[in-house]
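Here the structure comes first, spelled out in structure tokens, and everything after it is commentary.
The values are calculated or read from the model by the stated rules, or taken from the named source; none is laboratory data. Keep in mind the model is a prediction, meaning the values are calculated, not measured. Ideal geometry is used to build each Cβ from the backbone, glycine not excepted, and the neighbour counts take in all protein chains shown.
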């Protein structure tokens, strides 16, 4: 028996990986993260599968479900939104499974920031403009950020910032970023990336907070900040250069 942690993708059901889909189809138990996971993915579950919405469960209750399946020798598909490598709360589940001696593996998924960049039709690493992407969040309604990972410190790098779980405090985020990025720095907010109800906002640090408020965006959104969003004049990549040594 194995617990399969599966990245369910950013929202569109057809962005699940083939491996993830097949694991769901082979698992008689499926735990999924409520409204964050496309309900259509549950259609891949085998007939009679136990389907458990973990949105209102505690960590202890989730682990109890996994342990119960293990005792019965049942494979488990544990669905997390996006890619479980980032902000998924998978680590503490794996720590519990290690202590219990329960086997698990991980299948990656399309992360929300990648889906947002696709919707924006932007590369986040543009030659001569920006080659570093920082994935981060803020500490409101979550565990505190480690020392040195506050927005002011990260912003000094002038790297492209992708903020998860932060749109509810967009005004505070803007205030913390303006000293390093300036009010004219391009910003985009993408809510429900890849879904039918996707919302895409483009602006600058000067006006993005007002746009978010007017659109009523409260959750399930990523904020992308950086000059790469507005870059039009930049050198071609060396990757395909005729002068590249091959």
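Collect the residues in segment 53-86 that are in contact (Cβ under 8 Å) with a residue 12 or more places away in the chain, touching a helix residue (DSSP H, G or I) at 6+ places or on another chain (Cβ under 9 Å) and assigned to a loop (DSSP other than H, G, I, E, B), keeping them in residue-number order.
Of everything in segment 53-86, those that are in contact (Cβ under 8 Å) with a residue 12 or more places away in the chain, touching a helix residue (DSSP H, G or I) at 6+ places or on another chain (Cβ under 9 Å) and assigned to a loop (DSSP other than H, G, I, E, B) turn out to be 54, 55, 56, 74, 75, 81, 83, 84, 86.
Is it the case that segment 43-52 has a residue that's out of contact with any helix residue (DSSP H, G or I) (no Cβ under 7 Å at 6 or more places or on another chain), surrounded by 13 or more Cβ atoms within 10 Å (Cβ to Cβ) and either assigned by TED's automatic domain parsing to the domain that holds residue 135 or free of Cβ contacts under 8 Å to residues at least 60 places away in the same chain (or both)?
Yes: segment 43-52 contains one or more residues that are out of contact with any helix residue (DSSP H, G or I) (no Cβ under 7 Å at 6 or more places or on another chain), surrounded by 13 or more Cβ atoms within 10 Å (Cβ to Cβ) and either assigned by TED's automatic domain parsing to the domain that holds residue 135 or free of Cβ contacts under 8 Å to residues at least 60 places away in the same chain (or both).
Would you be able to say whether some residue in segment 167-188 is surrounded by fewer than 13 Cβ atoms within 10 Å (Cβ to Cβ), under 30 Å from residue 40 (Cα atoms) and within 18 Å of the chain's Cα centre (by Cα)?
No, segment 167-188 contains no residue that is surrounded by fewer than 13 Cβ atoms within 10 Å (Cβ to Cβ), under 30 Å from residue 40 (Cα atoms) and within 18 Å of the chain's Cα centre (by Cα).
Of everything in segment 166-183 that's touching a helix residue (DSSP H, G or I) at 6+ places or on another chain (Cβ under 9 Å) and assigned to a loop (DSSP other than H, G, I, E, B), which residue is nearest to residue 229 (Cα to Cα)?
Looking at the filtered set, the residue picked out is 183.
This table checks each residue for (1) part of a helix (DSSP H, G or I); (2) under 23 Å from the mean Cα position of the chain (by Cα); (3) on the phi > 0 side of the Ramachandran plot.
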residue	(1), (2), (3)
196	no, yes, no
210	yes, no, no
213	yes, yes, no
234	no, no, no
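Within the bounds of segment 61-82, is there any residue that is surrounded by 16 or more Cβ atoms within 10 Å (Cβ to Cβ) and more than 23 Å from residue 103 (Cα to Cα)?
Looking for residues that are surrounded by 16 or more Cβ atoms within 10 Å (Cβ to Cβ) and more than 23 Å from residue 103 (Cα to Cα), one finds none in segment 61-82, hence no.
Looking at segment 138-155, can you tell me whether even one residue there is assigned to a strand (DSSP E or B) and in contact with a helix residue (DSSP H, G or I) (Cβ under 7 Å, 6 or more places away or on another chain)?
no
Identify, please: which residue in segment 125-135 is at pLDDT 95 or above and part of a strand (DSSP E or B) and is, among those, nearest to residue 84 (Cα to Cα)?
Of everything passing the filter in segment 125-135, 135 is nearest to residue 84 (Cα to Cα).
Across segment 87-124, what is the total count of residues that are farther than 30 Å from residue 225 by Cβ, in contact (Cβ under 8 Å) with a residue 24 or more places away in the chain and in a loop (DSSP other than H, G, I, E, B)?
Selection size over segment 87-124: 2.
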